[in-house]
Amino acid sequence: MELLAVIIGIGIKSIIFIIGMFLLAAYLTLVERKFAGHVQQRPGPLHVGFHGLLQPIADALKVLTKEDIVPNFVDKYLFYLASLMAFVPAIMILAVIPFGEPITIFGYEVKPYISDVNVGLILALAFGSISIYGVIFAGWASNSKYPMIGGLRKAAVLIGYEVALGFALVGPIMLAGTFSLREIVEAQQGFFGAFIWYQPLAFVVFLFSILAETGRTPFDVQEAEAELVAGYNTEYSGMKFGLFPLAEWYIATFVLSAMAVILFFGGWNGPHIFGAVSPYIWFMLKLFLVFMFLLWVHWTLPRYRVDQITEIAWKVMLPLTFLNIFITAGIIIIKG
Amino acid sequence: MGEGYLAILVFFVISTALGIGLLILNRLIAPKIPDPLEGYPYECGVPLYDKTSWTSIDQKYYLLGLLLVLFDLEAAFVFPWAVVFKYIAKINAAFIFTEMFLFLLILILGYVYAWKKGALKWQ
């Protein structure tokens, strides 16, 4: 009976988190489209609601009411599974991301995270990697030339950044001495406690990996519009299609920006100038700065060729991470 | 501790249910207007040269793929070392340093060998 109560409690919290994430992701689409519009000197969405404020709702309704087409030659189960494989692991990263310290409201302890397991970082890495398989499966299952090439390219990008990402995270872990994301934040007290000051190399590699994992522009070879029509999701329509950009561009980018904030920018640590809610305000502020930085990169840079991406990852990023591990170990030993 | 994993399981079930629910909802409320060419794969409007794309494709990163498996495993070995590094460095810095850097040295030797052999190039 007690177990049931715990499960129901967690379930309600999970639903709140997921619905919150959905609304946020919907409005992140608007943020991105407005931002992209102004980067390219056009207004962006303007007609649905005041300055396009209702545009995300219109988009969601449109995606939901589009015909659900399954082309003739596809592998049907894999075709549906692929969009779930992209969506579910991307949103699963949210389960291990802490948004603040536990607080007490009316004598009841509220934890602003789903779960604080002591392998949080590893789980986040694992979910992030699994969500890439959705893209690769989509390319394979479509049984059409353009998605196939898109999927293979995504596999090549995955092969490139995955190793560098793993070794880059060794530095922050060494400084914090834990995998728990909450304790990593606690290890970064004060302005000069943030790991970005000690791990600039790891941060550069981590940014590279975020851009590659979420398929944003310098590394968006899997859906290069000029070459591959729409890339891996050419054959998709309706909600099956809708889950891909939602997962890759918005949910994954958002939660990986949160990871960057937790690992390098001290999470919710900051001056207590907003009263009781200041940790949340700091966390969201930092998160949106990282997110907007990613958008900025996306809408200004041209794209790399896929062989250049793997060569950068293996010949520049990987030696940098090795160097970073050596430097970090030396600093920790010297400082004692 | 067990509660943390239980929470992840519950979250997984709910998010999967939501994903499936969205796909089913789309099937229920979307119109179905069949069209003879609807199920045709996208190919710029010309007839398909061959019906399937599941043929043998020359992908150029076979060796990189093998190296990925190796190096990702090595990264998994480095993680536990990184977690305890700070604590053991206080007790016996020379031991923990040489211990892992022998391991990393062998890894880096293999990496240099692969580079010299041209395995990192797009073949």
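Any read-out appearing in this document is the output of simple, stated calculations on the displayed coordinates, not a laboratory observation. Here the structure is a predicted model, which means the values were calculated and not measured. Every residue, glycine among them, receives a Cβ derived from its backbone with ideal geometry; neighbour counts consider all protein chains shown.
Check whether at least one residue in the stretch A:179-199 is more than 19 Å from A:Ser257 (Cβ to Cβ), within 9 Å of another protein chain (Cβ to nearest Cβ) and not in a helix (DSSP H, G or I), and report yes or no. Yes, the stretch A:179-199 contains at least one residue that is more than 19 Å from A:Ser257 (Cβ to Cβ), within 9 Å of another protein chain (Cβ to nearest Cβ) and not in a helix (DSSP H, G or I). With at the interface with chain B (Cβ under 9 Å from one of its Cβ atoms), within 19 Å of the chain's Cα centre (by Cα) and buried (at least 20 other Cβ atoms within 10 Å of the Cβ) as the only criterion, which of A:Ile10, A:Ile91 stands out? Residue meeting the stated conditions: A:Ile91. Taking the criterion of being crowded, with 23+ Cβ neighbours inside 10 Å and either at the interface with chain B (Cβ under 10 Å from one of its Cβ atoms) or outside any helix (DSSP H, G or I) (or both), the residues of the stretch A:78-87 that qualify are A:Ser83, A:Met85, A:Ala86, A:Phe87.
Of the residues A:Glu235, A:Glu248, which is acidic (Asp, Glu) and in a helix (DSSP H, G or I)? Working first, answer last.
Details: A:Glu235 fails: in a helix (DSSP H, G or I).
None of the other options fit; the residue is A:Glu248.
Just give me the residues in the stretch B:1-20 being crowded, with 16+ Cβ neighbours inside 10 Å and under 19 Å from A:Ser83 (Cα atoms), in sequence order. Within the stretch B:1-20, B:Phe11, B:Phe12, B:Ile14, B:Ser15, B:Leu18, B:Gly19 qualify. Just to be sure before I move on: is A:Gly177 on the phi > 0 side of the Ramachandran plot, of a type outside the set (A, V, I, L, M, F, W, C), without any contact (Cβ under 8 Å) to a residue 60 or more places away in the chain and touching a helix residue (DSSP H, G or I) at 6+ places or on another chain (Cβ under 7 Å) in the structure I sent? Answer is yes for this residue. Checked against (1) under 18 Å from the mean Cα position of the chain (by Cα); (2) crowded, with 23+ Cβ neighbours inside 10 Å; (3) within 30 Å of B:Gly21 (Cα to Cα), A:Arg216 passes all but condition (2).
Looking only at the stretch B:21-35, residues that are at the interface with another protein chain (Cβ under 7 Å from one of its Cβ atoms), of a type outside the set (D, E, K, R) and either in a helix (DSSP H, G or I) or crowded, with 17+ Cβ neighbours inside 10 Å (or both) come to 6 in all.
Anything in the stretch A:43-73 that is in contact (Cβ under 8 Å) with a residue 24 or more places away in the chain, assigned to a loop (DSSP other than H, G, I, E, B) and of a type in the set (A, V, I, L, M)? List them, or say none. Selection gives A:Ile69 alone. Selection of the stretch B:58-105 for residues being farther than 20 Å from A:Leu175 by Cα and at the interface with another protein chain (Cβ under 7 Å from one of its Cβ atoms) yields B:Gln59, B:Tyr61, B:Leu64, B:Gly65, B:Leu68, B:Phe71, B:Asp72.
Going residue by residue through the stretch A:242-262, is there one that turns out to be farther than 30 Å from A:Phe79 by Cα and of a type in the set (S, T, N, Q)? No, the stretch A:242-262 contains no residue that is farther than 30 Å from A:Phe79 by Cα and of a type in the set (S, T, N, Q).
With respect to (1) over 30 Å from A:Val306 (Cα atoms); (2) surrounded by fewer than 23 Cβ atoms within 10 Å (Cβ to Cβ), the lone exception for A:Leu201 is condition (1).
Consider the stretch A:279-306 and keep the residues that are charged (D, E, K, R) and touching a residue at least 40 places away in the same chain (Cβ under 8 Å). The one that is farthest from the other protein chains (Cβ to nearest Cβ) is A:Arg303. Taking the stretch A:105-155 as the range and being facing another protein chain (nearest Cβ under 8 Å), surrounded by fewer than 20 Cβ atoms within 10 Å (Cβ to Cβ) and among the polar types (S, T, N, Q) as the test, only A:Asn118 passes.
Listed here are the residues, each with its yes/no results for (1) surrounded by fewer than 21 Cβ atoms within 10 Å (Cβ to Cβ); (2) charged (D, E, K, R); (3) under 30 Å from A:Leu228 (Cβ atoms).
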| residue | (1), (2), (3) |
| --- | --- |
| A:His272 | yes, no, no |
| A:Leu285 | yes, no, no |
| A:Val306 | no, no, yes |
| A:Glu311 | yes, yes, yes |
| A:Lys315 | yes, yes, yes |
| A:Lys335 | yes, yes, no |
